[in-house]
Amino acid sequence: MTISEVSKRCNISPDTLRYYEKAGLLLDVNRTAGGIRDYTEQDCTQIEFVKCMRSAGLSVEVLRKYFELFKRGKHTLKARRDLLATERKALQERFLELQGTLKRLDYKISVYDQAIASKNKELKF
């Protein structure tokens with residue numbers, strides 16, 4: 001698949017795909033004889049993994065370390081697992097923080113709803 005086909009399929013810009021490859025987040029993307037990227041299904045799976053991990057908050061540096069470990073083989077399984085477990089813990093903490101933020105927003109919206117219903121436009125923080 002060409003970069004534009006993968007871009008559309010994975011909903012990611014060609015520039016981001018190039019960046020991910022340069023950053024070491026895409027392993028060994030094939031090239032045609034003319035030097036054009038030729039993505040495989042496995043590449044698409046890896047791109048989706050990177051997108052998922054980035055949306056979970058993993059930095060490019062952490063993902064680069066993960067893929068460096070991956071390239072080194074099975075003897076890095078525990079290190080990869082530990083890296084992901086650490087990132088999961090950080091995501092869980094952010095999730096709990098966001099739940100608190102959501103509760104505060106819900107409360108503030110309900111205060112506005114009550115003020116609008118009673119036509120009392122004066123609100124205090």
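The values are calculated or read from the model by the stated rules, or taken from the named source; none is laboratory data. Note that the coordinates shown come from a computational prediction; the quantities given were computed from them, not determined experimentally. A quick note on method: Cβ atoms are made from the backbone with ideal geometry, for glycine too, and the neighbour counts reach across all protein chains shown.
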### Task
Determine if the range 98-121 includes at least one residue that is part of a helix (DSSP H, G or I), under 28 Å from Y20 (Cβ atoms) and not acidic (D, E).
yes
### Residue identified as under 16 Å from the mean Cα position of the chain (by Cα), at pLDDT 95 or above and of a type in the set (K, R) among K8, K78, K51
K51
### Message
Please go through the range 44-76 and give me each residue that is among the hydroxyl-bearing types (S, T, Y), more than 28 Å from L98 (Cα to Cα) and touching a helix residue (DSSP H, G or I) at 6+ places or on another chain (Cβ under 6 Å), ordered by number.
### Response
T76
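Rundown of residues vs (1) surrounded by 14 or more Cβ atoms within 10 Å (Cβ to Cβ); (2) touching a residue at least 12 places away in the same chain (Cβ under 8 Å); (3) among the hydrophobic types (A, V, I, L, M, F, W, C); (4) touching a strand residue (DSSP E or B) at 6+ places or on another chain (Cβ under 8 Å), yes/no style:
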position: G57; (1), (2), (3), (4): no, yes, no, no
position: V62; (1), (2), (3), (4): yes, yes, yes, no
position: F67; (1), (2), (3), (4): yes, yes, yes, no
position: R81; (1), (2), (3), (4): no, no, no, no
position: R94; (1), (2), (3), (4): no, yes, no, no
position: E97; (1), (2), (3), (4): no, no, no, no
### Message
So T101 passes all but one of these: (1) modelled with pLDDT under 95; (2) over 26 Å from R9 (Cα atoms). Which condition number does it fail?
### Response
(1)
### Query
Name the helices (runs of 4 or more DSSP H) wholly within the range 1-62 that hold at least 2 residues that are among the hydrophobic types (A, V, I, L, M, F, W, C) and within 26 Å of A90 (Cα to Cα)?
41-55
### Task
Consider only pairs whose beta carbons are under 6 Å apart and that are at least six residues apart or on different chains; among these, list those whose first residue lies in the range 11-30 and is in contact (Cβ under 8 Å) with a residue 24 or more places away in the chain and whose second residue is outside any helix (DSSP H, G or I).
Y20/L26
